[in-house]
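Take a look at the structure below.
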Amino acid sequence: MKKAFFFAVAFMVTISTLFAAPFQPTLLRLSAPGKIRYSFDGKSLSIPITVSGVPAAMYFLVYTKDKAKSINKVQNGFLGWHYMNKIDTCMYVSPLTSLAVGKNEFIWNGKGKGGAVVPADTYTYYIWAYDNIHTGDRISSNPFVDFRYSGNMGMIQEMGQNGKPLTNPVFYSGFIARSGGGENVYKWVIGSDTSDDSLIESTYFIPQGTWNFAGGVMALQPDNHSNFFWEYGNQSSRTQFVEKRSWVPNGQSQIITTWGENGQFSFGAYEESEPGVLSDGGDYLFTGDGNRKLIQTPDADFYVLDVSDGSMVRHVDLTRWWSSPDDFQKGGQMNGGPDCGFTFRNGYVFMGGGDSCIKQMVNPYAEKDDDFYLWTNGNGDGTFDLNANTNATRPWVCRDLNVGPYVFNWTTDANLFSMGSAYDMGAVTWGLLAPDGTGLGYIAVAGESAGWKWGALYVDSGSAFDGIYKDISNNIRTAGVHYLVFLGHDSIKGEIGLDVSVSEAAPEPFSVEQNTPNPFNPSTTINFTLNKPSQTVIDIFNVAGQKVDTIMNAYLSQGAHSVTWNASLFSAGVYFYSVKAGDNIKTMKMIIAK
């Protein structure tokens with residue numbers, strides 16, 4: 001009797017928690033052998049790929065392995081678009097290929113770019129995939145949980161003050177003009193009840209002295225997230241500032257005058273306060289300037305600051321890549337950034353330009369400036385090219401704010417695939433670059449239009465919220481529709497080679513995915529994965545906790561499975577499905593809509 005009472009109480013607690021409507025995305029997850037033996041004998045190689053969560057579209061890529069030291073300042077390709085230094089390089093890229101939930105098979109013929117046979121060796125393979133079926137799930141109904149203005153892009157904090165991934169990542173909006181002066185920034189814990197506006201938090205700030213622009217990304221103090229850093233500029237004095245402030249919940253943030261000079265680090269720059277400030281999660285902050293609009297002399301800089309005291313640790317002159325007298329003479333701009341695109345991942349900084357073809361990966365810890373640049377993607381590979389059309393007014397001019405695609409933010413996943421918004425390219429969403437900067441082309445989310453694209457951010461830290469968070473916007477400024485949605489994403493890597501030793505793959509963990517579709521009428525599919533062979537029971541409960549159906553009671557093998565429930569005999573409303581396999585059990589909510 002006690003066991004029955006305990007189960008009833010526990011079940012009702014589960015139901016009440018689910019009714020709070022927390023945001024619980026359906027994750028896209030990829031699985032493939034970590035090591036694949038291949039003889040490079042001209043025969044096709046079959047690669048098994050298992051997908052859970054949602055269907056997807058993927059790229060399969062083959063890269064050199066452990067050859068980075070031999071690649072030294074190589075610049076090649078049409079118009080010299082691709083620069084590589086101390087980084088492994090791409091040998092093969094597949095077309096964008098559809099994957100179904102469950103087991104798939106990808107066939108590689110062993111050939112690389114241009115159709116040549118790839119020499120026998122050991123290679124790294126990558127798979128990058130995203131949900132190309134759904135339009136996305138909104139993470140909050142609050143209108144301030146979005147990117148807002150051009151250049152004032154939001155950020156997602158994935159790491160906690162202890163240096164470990166957060167259970168619930170936190171989204172911080174871009175800067176939003178505040179009535180009475182100053183700027184607002186909003187904070188939203190991802191996974192919160194999407195309809196509870198009381199859970200959003202904000203702070204506002206009024207810069208010291210005269211200012212014109214506040215933009216770019218903000219950064220949190222790594223060991224104290226109640227302090228943050230942001231960038232603003234004074235165009236008349238041609239100065240930009242990084243300030244350190246304390247977050248005051250729903251009040252005015254306070255300047256921390258003990259940091260830098262009276263709370264600021266200042267540097268000479270002529271225009272908008274972009275790209276903002278990055279934290280490496282440890283000792284350093286990164287910032288810079290791009291001067292992409294007005295200034296007619298070469299000027300682009302990267303700064304490394306000491307996070308503890310605001311002193312400058314290093315300055316790198318970026319004009320070699322980001323400035324061009326030739327573009328200026330042809331009617332473009334002298335400078336192209338970096339500005340809207342600025343992100344940090346796995347020890348590297350990735351930079352983009354909103355009005356420039358240049359995209360770049362750098363090592364901010366490199367001892368020599370020559371080792372600072374790892375790859376640069378410019379005009380010539382078909383991804384983020386400017387003035388590439390045959391009827392272009394300024395053929396192949398790279399720094400030109402008069403033509404698209406306009407890139408308003410930049411984001412990079414854990415395997416170093418980078419992407420940026422691609423506005424003015426029609427019904428496409430992003431341009432995508434591979435880990436060495438190779439352009440993979442443009443991709444689209446389901447239902448995409450030719451409207452504004454402010455940006456997207458990866459969460460890729462192993463949390464229950466890993467995926468892509470992108471904006472939905474039908475207007476350039478505050479009017480109209482603005483909000484963020486979640487889309488499934490994953491990328492994995494492994495080895496392919498003649499001498500690769502193939503070990504038995506570790507079992508996948510027990511997992512239960514959100515049923516699809518949901519809401520549904522009359523049928524829905526439940527996907528789940530068993531970590532070992534088990535007697536598996538799937539029961540359906542109504543909102544009162546009463547069992548109304550059992551749709552599976554069978555002994556199943558380890559691995560991925562699915563079952564379909566036809567609810568044509570049941571009334572509309574909220575139900576719960578419970579998957580029990582051995583000692584593992586998980587209960588999730590679903591909705592019949594009639």
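Cβ-Cβ distances below 6 Å connect the following pairs, each with a first residue in segment 288-299 that is within 15 Å of ASP327 (Cα to Cα), a second residue that is among the aromatic types (Phe, Trp, Tyr) and open to solvent by less than 70 Å² (accessible area, probe 1.4 Å), and a separation of six or more residues or different chains: ASN291/TYR270; ILE295/TYR270.
A quick yes/no check of all residues on (1) open to solvent by 10 Å² or more (accessible area, probe 1.4 Å); (2) under 18 Å from the mean Cα position of the chain (by Cα); (3) of a type outside the set (Gly, Ala, Ser):
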| position | (1), (2), (3) |
| --- | --- |
| ASN335 | no, no, yes |
| ASN346 | yes, yes, yes |
| PHE350 | no, yes, yes |
| GLY353 | no, yes, no |
| MET361 | no, yes, yes |
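Would it be correct to say that LYS69 is open to solvent by 60 Å² or more (accessible area, probe 1.4 Å) and in contact with a strand residue (DSSP E or B) (Cβ under 9 Å, 6 or more places away or on another chain)? In short, no. All conditions in (1) at pLDDT 90 or above; (2) not in a strand (DSSP E or B) hold for ILE526, with the sole exception of (2). Scanning segment 396-420 for residues that are within 29 Å of MET155 (Cβ to Cβ), open to solvent by 20 Å² or more (accessible area, probe 1.4 Å) and touching a helix residue (DSSP H, G or I) at 6+ places or on another chain (Cβ under 7 Å) gives a single hit, ARG399. Just one of (1) open to solvent by less than 40 Å² (accessible area, probe 1.4 Å); (2) in contact (Cβ under 8 Å) with a residue 24 or more places away in the chain; (3) out of contact with any Cys (no Cβ under 7 Å at 6 or more places or on another chain) fails for SER246. It is (2). All of ALA116, ALA100, ALA177, ALA120 fail the test of being surrounded by fewer than 19 Cβ atoms within 10 Å (Cβ to Cβ), over 20 Å from the mean Cα position of the chain (by Cα), closer than 30 Å to ASN212 by Cα and aliphatic (A, V, I, L, M), apart from ALA177.
Of all residues in segment 437-461, those that are under 22 Å from ALA414 (Cβ atoms) have Cβ atoms under 7 Å from Cβ atoms of residues that are assigned to a loop (DSSP other than H, G, I, E, B) and hydroxyl-bearing (Ser, Thr, Tyr), 6 or more apart or on another chain, in GLY439/THR383; LEU440/THR383; GLY441/THR383; ILE443/THR429; VAL445/THR135; VAL445/THR429. Among the residues of segment 180-222, those identified as aromatic (Phe, Trp, Tyr) and either open to solvent by 10 Å² or more (accessible area, probe 1.4 Å) or within 14 Å of MET153 (Cβ to Cβ) (or both) are TYR186, TYR204, TRP211, PHE213. When THR376, THR393 are checked against the criterion of being open to solvent by 20 Å² or more (accessible area, probe 1.4 Å) and out of contact with any Ser or Thr (no Cβ under 8 Å at 6 or more places or on another chain), THR393 stands alone in meeting it.
The single residue among ASP490, ASP549, ASP539 that is assigned to a strand (DSSP E or B) and open to solvent by less than 20 Å² (accessible area, probe 1.4 Å) turns out to be ASP490.
In segment 423-451, the qualifying residues are those that are open to solvent by less than 20 Å² (accessible area, probe 1.4 Å) and of a type in the set (Ser, Thr, Tyr), and the one that is farthest from GLY380 (Cα to Cα) is THR429. Residues of segment 488-519 that are at pLDDT 90 or above and small (Gly, Ala, Ser): GLY488, SER491, GLY494, GLY497, SER511.
Considering segment 80-97, and only residues there that are of a type in the set (S, T, N, Q), within 24 Å of the chain's Cα centre (by Cα) and not in a strand (DSSP E or B), the residue that is surrounded by the most Cβ atoms within 10 Å (Cβ to Cβ) turns out to be THR89. Scanning segment 538-562 for residues that are under 26 Å from ASN104 (Cα atoms) and of a type in the set (A, V, I, L, M, F, W, C) yields ILE538, ILE551, MET552, ALA554, LEU556, ALA560. Pairing each residue of segment 545-559 that is within 13 Å of LYS580 (Cβ to Cβ) and without any contact (Cβ under 8 Å) to a residue 12 or more places away in the chain with any residue that is open to solvent by less than 40 Å² (accessible area, probe 1.4 Å) and part of a strand (DSSP E or B), provided the two are 6+ apart or on different chains, yields C-beta distances under 8 Å for LYS547/ASP539; LYS547/ILE540; LYS547/PHE541. For segment 21-68, a tally of residues being in a loop (DSSP other than H, G, I, E, B), more than 16 Å from GLY497 (Cα to Cα) and in contact with a Leu (Cβ under 7 Å, 6 or more places away or on another chain) returns 3.
Here LEU569 passes the criteria (1) open to solvent by less than 40 Å² (accessible area, probe 1.4 Å); (2) more than 14 Å from VAL537 (Cα to Cα); (3) not hydroxyl-bearing (Ser, Thr, Tyr) except the one numbered (1).
For segment 2-14, state whether one or more residues are at pLDDT below 95 and in a loop (DSSP other than H, G, I, E, B).
No, segment 2-14 has no match at all.
Test SER421 against the stated conditions and say whether it is closer than 22 Å to GLY174 by Cα, modelled with pLDDT under 90 and of a type in the set (Ser, Thr, Tyr). Here the answer is yes, as SER421 does meet what is asked.
The values are calculated or read from the model by the stated rules, or taken from the named source; none is laboratory data. Keep in mind that what you see is a predicted model, and the values were worked out from it rather than measured. Positions of Cβ are generated from backbone atoms using ideal geometry, with glycine treated the same way; all protein chains shown enter the neighbour counts. Side chains are part of the model used for accessible areas, which takes the heavy atoms of the whole protein and leaves out ligands, DNA and RNA. Shrake-Rupley method; radii C 1.70, N 1.55, O 1.52, S 1.80 Å.
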